[in-house]
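Report on the structure given below.
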Amino acid sequence: MVVKPPLQESDGKPDIEREKPVETGDDRGFVGNLVQLPRTFKESVVRQSLPDSDRARSQAVFSNLWLHAHAVRTHLYSLRPFYTMGLGVMAGVLVAILTITGLLLMIYYQPSTENAYRSIKDIVYVVPGGMFLRNIHRWAAHAMVIVVILHMARVAYTGAYKKPREFNWVIGLGLLVLTLALSFTGYLLPWDQLAFWAITVGANIAASPREITDALGITSQIDIGGLQKQILLGAEHVGEPALVRFYVLHCVILPAALFALMGVHFWRSRKDGGLARPSWANRIPMRNPFAKDQEGQRPFLGDSTGVKTYGLMALIRGRTPAVSRAPDNTVPSWPYAFLAEAAAGMVITAVVFLLSLVFNAPLKELANPLIPENPAKAPWYFLGLQEIVAYSAFAGGILIPTIVLIGLGLIPYLDREKDEQGIWFTNRLGGLIAAKSFVFALVAAAAAVAIPVTVGWLRTWFPDIPQLVITIINPGTLLMLVYVAYCLLVLRRTKSTRMSAIALFSCFLAGFIVLTVVGTIFRGPNWEFYWSSSNWPVH
Amino acid sequence: MRYVLVVASVVVLVLFGIMVAKSSYLTEWREYQQEYQSMLPTAPPEEGQVCELAQEFRIKQRQAVVPALKVMDRCVTCHLGMDNPLMDGAKQPFRKHPGDILTSHPVEKFGCTTCHRGQGVATTWRDARGVDVHWDDPLLPTKLIQSSCGACHDAEWLADNGAPLLAKGAALFEEHGCRSCHKLGGLGGTLGPALDNVGLKIPTEFSFTHVTGEHTAWNWLAEHFKDPQGVSPSSDMPPQDFTDEEMDAMLVFLLSQQANHIAPRQYLPDDYFVSRARETNSRPYSGEQLYNMLCQRCHGSGEKGRFDPFFAREMPAIRSQRFLETASEKFIRAQIGQGRPGTIMGAFGSTSSGLSEVEFDRLVAYVKGGVEDHWNELEPPPAGSAVKGKRLYTKHCEECHGKAGVGGSGNQLASRTFLKAATDGFIAESIRTGRPGTKMEPFALSAGGPLSEQEIGHLVAYIRTLSPGGKPK
């Protein structure tokens, strides 16, 4: 039920009309207009003067294209720093940083095998600030992968994927895939040894369904792997066609898809009433940490005048607090939410800037198809998969990622328990299970690496074993089965799909971390295990 | 939240400021240019003299761009005094380019890296030098710079025209008989790799596992010359005892070997074609030239056997009187043409060594030296028993020729190419009378040795069994 509260000033006009600057009678003749030009121009651009009341600010949020992605009021629960940690905002800010630096890099970069490497050298050596431009782009891309995964962890552990946000979780997974795809396609563009051989590994993974079709003897009829590789590279090997394809994917197709999905992602979370929060946050008055005095911390209040106002703009279908029956725990988005977002954005910007000052983005020798890098490593976030690719390109590169993505995507549809949302690990048991399963998954993943390293794998004992067997039975697939079994065990013990979902996500996170760390730090030439890269045979 | 925002914003601003400062003001090249500017005079030292003045000097990046050579060299951003006479003998990077090479090879036409190598696009010294950074073509040390002349010019012409070290290296290459194992220009042995493009090899093509110094091609080559097996464990190359100057000459010569790199037509000097023409005109080589190029490194003059301490074996006296009296030209042809597979004696037939038919004939004729042989009159020994022969072999031959003829300090006998070409008479005669001038003594009773003619027959029968198919057709 919506009740129209008493307005602060009542001149009978609707808010929107009243706030418009009045322009009539402003003609002062040629000279007068010329003198007034700075003011009139400014007013024509920014049609409102800087709003000076909460209502005016709300008005501005409502009527501004860029600000209206926000609701005019934000729930205090959403602003708790340790609830979201600003991760979603950070991801968005990183996209902005990447877009700006990416566009600037595009001005200098030439996507041809002849010029690509040289143009990167020019960016590094002669473009003003070019080296930092490139560093910022590189580290922001890496930071984005981390931030997106952490954001996903936040959503998973707080149960924020639950109804009505199930599909937004799936869109989020799509954004994760796009983030990784953008990173991967960007990897080839410098056309150095690192790029060339990492993409060669990637292209061979694309061709890996041949492991299955070869085993079935149908590769000559249906060569899915070959087709995928052909589509990706436009040729048999990484070369000019591949470079152009990756360039177009990286600069046009994937960013377009990313922006579109980001729009949907934001729109849906806005339409779903902002961030998920427990039901008590709508019932029990919350302390407003932003209000300066005791008075302002009283519940039922939002507006600094002490009078509650509801314009049309504050109405969100089905999510409106029932006035005078429940506390209003919202604050105006301007300034409180914007402040929080700006802070999160500035923090991640500072981190990226600092990294860019301290570490230069790597650029190895010009790509040389005759001299393979050993080890040829994919970007770090794929090294967990490359760990499994070492056994089977199909299992590590296609089978497992697909199953993992499907598994993660199914979480909100299988866990439909009506728990409280927006609470880390839901309850004490959830926290315990998250920790326990994380430790279990760490140990299991470490074992999945340690056992083959110490005693070998099937091929060690049965040299003639068909590859298909290893494609199906390898440390990666077995680890996945162990994880699934563990989650089913949790389900049986707790009789709770939510607890099982927490366990599943912990397993995913721990497995990802262990395999990635092993692939990044402990793997050397020929993918052999080394405790330190200083033990690598020198080349 | 407010404080987080303020602090983070200040940090971002400060970091951004540092980035701007570092990329626009605190650059290595800018400091050099400021220093150079301070070294320039404000007025010409002499009345009417034209020279670069401090007030006219602009601080900006400079580069030499030569599209035809794919050169974009920013070296001149810091090496500012290249053509400034006032900078003669000044400290680096401002020193005037030594010599008058820039008059014939102006920077605008040739760039810098065409001769000096290094990373021309870079604007810091470390990156421009290109050693231990990710760059395929590190800066050449000054002492090896003459190698770049050889990329276009004729080595002989260069001897009197600015690159004596290169000419010396070319001479050393032939003197040391490097061609015995290495091909160059298609001519040479097969034991080692061909060297036509060794000057183009990039550091990553070498294995630096056992190299102690810098990861550059020249350092690899230098360390490899001194200790071939230390640098490349499977190498068969004997260590080379070069003086420092000889070492530099050899490195210069090797680095000038860039067959696959041909400068654009308009850049090629006349003597480049002279060089090509001389190469063609000097063929076919004489037998003696070929012997010195290909055989002399191991066999010496060939008149006497010589013990090679590195290979720890006697090198056969292939031009000793006794050998030539007993060996037919056909036999010598086969031995040179097919070599002794499995030993360091490679095949030098025209298909494997790059000799023309004429040259191969000349080499064989030179080795044979016109000595009359009585190959066909050599008397075969009486038929013997291989079993008895084996016992005799163990007693008399194994010490030098190795178990079952695999070779030791003496020749390998278990060799198909040898046994196919050698008649029973030739083998028997070699045992009977030995090879004067070598460790192979006469073994026949008649010559004061221990073996009867029948025992020699047993030995020949046994030796015949040492290699499958080891019978003359």
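No lab work stands behind these numbers, since they all come straight from the coordinates. Everything numeric in this text was worked out from a predicted model, so none of it was measured. For neighbour counting, all protein chains shown are included, and Cβ atoms are generated from backbone atoms with ideal geometry for every residue, glycine included.
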TODO: Tell me the label-point distance for the pair B:HIS215, A:ALA485, using the 7 Å Cα-to-Cβ offset, in nm and rounded to one decimal.
DONE: 4.5
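Go through the stretch A:362-435 and name the trypsin sites (Lys or Arg not before Pro) that are in a DSSP coil and have 16 or fewer other Cβ atoms within 10 Å of their Cβ. Don't skip to the answer; put the middle values down first.
Working: sites: A:LYS364, A:LYS377, A:ARG416, A:LYS418, A:ARG428; in loops: A:LYS364, A:LYS377, A:ARG416, A:LYS418.
Here the sparse-neighbourhood loop sites are A:ARG416, A:LYS418.
If chain A were replaced by its equivalent ellipsoid, with semi-axes equal to the square roots of 5 times the Cα gyration tensor eigenvalues, what would those be, largest first, whole Å?
Values: eigenvalues 477, 213, 72 Å².
Working from the Cα gyration tensor, I get semi-axes of 49, 33, 19 Å.
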TODO: About the Cα centre of the stretch B:155-255, how large is the charge dipole given +1 on each Lys and Arg Cβ and -1 on each Asp and Glu Cβ? Please answer in debye to the nearest 20.
DONE: 340
Open item on the list: Roughly how far apart, in whole Å, are the Cα centres of the stretch B:118-159 and the stretch B:373-429?
Closed with: 55
- [ ] Please give the FRET efficiency for B:LYS70 paired with A:ARG493, using the beta carbon to beta carbon distance and R0 = 60 Å, rounded to the nearest 0.05.
- [x] 0.30
Open item on the list: For the pair A:LEU410/A:ARG47, report the inter-label distance in nm, with labels modelled 7 Å from Cα in the Cβ direction.
Closed with: 5.1
Task: Average projected area [Cα convex hull, the stretch B:96-213], square nanometres - done: 9.3
Task: Amide hydrogen neighbours beyond the local backbone of A:ARG73, cut-off 5 Å, H modeled - done: A:SER333
- [ ] Starting from the Cα of A:ASN115, step 7 Å along the direction of its Cβ; do the same at B:TYR267; then give the gap between the two resulting points in nm.
- [x] 2.1
Task: Karplus-derived HN-Hα couplings along the stretch B:269-279 (A = 6.51, B = -1.76, C = 1.60, θ = phi - 60°), whole Hz, x at Gly and Pro - done: x, 4, 5, 4, 6, 4, 4, 4, 5, 5, 4
TODO: Round to the nearest 0.05 the FRET efficiency obtained for A:ARG28 and B:THR42 when R0 = 51 Å and r is the Cβ-Cβ distance.
DONE: 0.35
Open item on the list: Give me Rg/Rg_expected for the stretch B:1-113, where Rg uses Cα atoms only and Rg_expected = 2.2 N^0.38 Å with N residues.
Closed with: 1.52
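Given the pairs B:LYS70/B:LYS96; B:LYS109/B:LYS226; A:LYS42/A:LYS271; B:LYS143/B:LYS183, which span a C-alpha to C-alpha distance of over 31 angstrom in this model? Numbers along the way, then the final one.
Working: B:LYS70/B:LYS96 25 Å; B:LYS109/B:LYS226 39 Å; A:LYS42/A:LYS271 33 Å; B:LYS143/B:LYS183 26 Å.
Table pairs above 31 Å Cα-Cα are B:LYS109/B:LYS226; A:LYS42/A:LYS271.
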- [ ] Would you mind computing the Rg to Rh ratio of the stretch A:102-169 from its alpha-carbon coordinates, Kirkwood style for Rh?
- [x] 1.27
Open item on the list: Charges on Cβ only, +1 for Lys and Arg, -1 for Asp and Glu, centred on the Cα centroid of the stretch B:285-473; of B:CYS295, B:GLY305, B:GLY342, which one is farthest towards the dipole's positive end?
Closed with: B:GLY342
Open item on the list: By the 4.7 Å beta carbon criterion, which cysteine residues of chain B come out unpaired?
Closed with: B:CYS51, B:CYS78, B:CYS115, B:CYS149, B:CYS152, B:CYS178, B:CYS181, B:CYS295, B:CYS298, B:CYS397, B:CYS400
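If you filter the stretch A:469-539 for trypsin sites (Lys or Arg not before Pro), then keep DSSP loop positions with at most 15 other Cβ within 10 Å, what is left? Each step should come with its number before you reach the end.
Numbers: sites: A:ARG492, A:ARG493, A:LYS495, A:ARG498, A:ARG523; in loops: A:LYS495.
Sparse-neighbourhood loop trypsin sites (Lys or Arg not before Pro): A:LYS495.
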TODO: Give me the distance between the Cα centres of the stretch B:323-342 and the stretch A:178-250, rounded to whole Å.
DONE: 56
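Report the local net charge at B:LEU195: Lys and Arg +1, Asp and Glu -1, summed over other residues whose C-beta lies under 11 Å from its C-beta. Walk me through the numbers before you get to the answer.
On the way: positive: B:ARG179, B:LYS183, B:LYS201; negative: B:ASP196.
The answer is +2.
Roughly how many debye, to the nearest 20, is the charge dipole of chain A about its Cα centre, given +1 on each Lys and Arg Cβ, -1 on each Asp and Glu Cβ, and no other charges?
Values: 47 positive and 35 negative charges, 358 e Å.
Its charge dipole is roughly 1720 debye.
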Open item on the list: Using each residue's phi in the stretch A:495-511, evaluate 6.51 cos²θ - 1.76 cosθ + 1.60 at θ = phi - 60° and report the 3J(HN,Hα) Karplus result to the nearest Hz, with x for Gly and Pro.
Closed with: 6, 9, 5, 4, 4, 5, 5, 4, 4, 4, 5, 4, 4, 4, 5, 5, x
Task: Principal axis dimensions, largest first and in whole angstrom, of the stretch A:411-539 by Cα - done: 57, 35, 21
- [ ] Any chance you could check the Cα centroid distance between the stretch B:178-227 and the stretch A:385-444 for me, in angstrom?
- [x] 54
Open item on the list: In whole Hz and in residue order, list the ³J(HN,Hα) couplings for the stretch B:204-212 that follow from phi through the Karplus curve 6.51 cos²θ - 1.76 cosθ + 1.60, θ = phi - 60°; x for Gly and Pro.
Closed with: 5, 7, 9, 8, 9, 3, 10, 9, 8
Open item on the list: Suppose R0 equals 51 Å. What FRET efficiency, 1/(1 + (r/R0)^6) with r the Cβ-Cβ distance, do B:ASP227 and B:LYS109 give to the nearest 0.05?
Closed with: 0.75
Task: Amide H contacts of A:ARG523 (H built 1.01 Å from N, under 5 Å, at least 5 apart or other chain) - done: A:TYR530
Task: Over the protein assembly as shown - Rg/Rh using Cα atoms and the Kirkwood inverse-distance radius - done: 1.12
- [ ] Counting other Cβ atoms within 10 Å, keep those with at most 15, restrict to DSSP loop, and tell me which chymotrypsin sites (Phe, Trp or Tyr not before Pro) in the stretch A:422-517 are left.
- [x] A:TRP424
Task: All Cα pairs of chain B, percent lying beyond 39 Å - done: 45
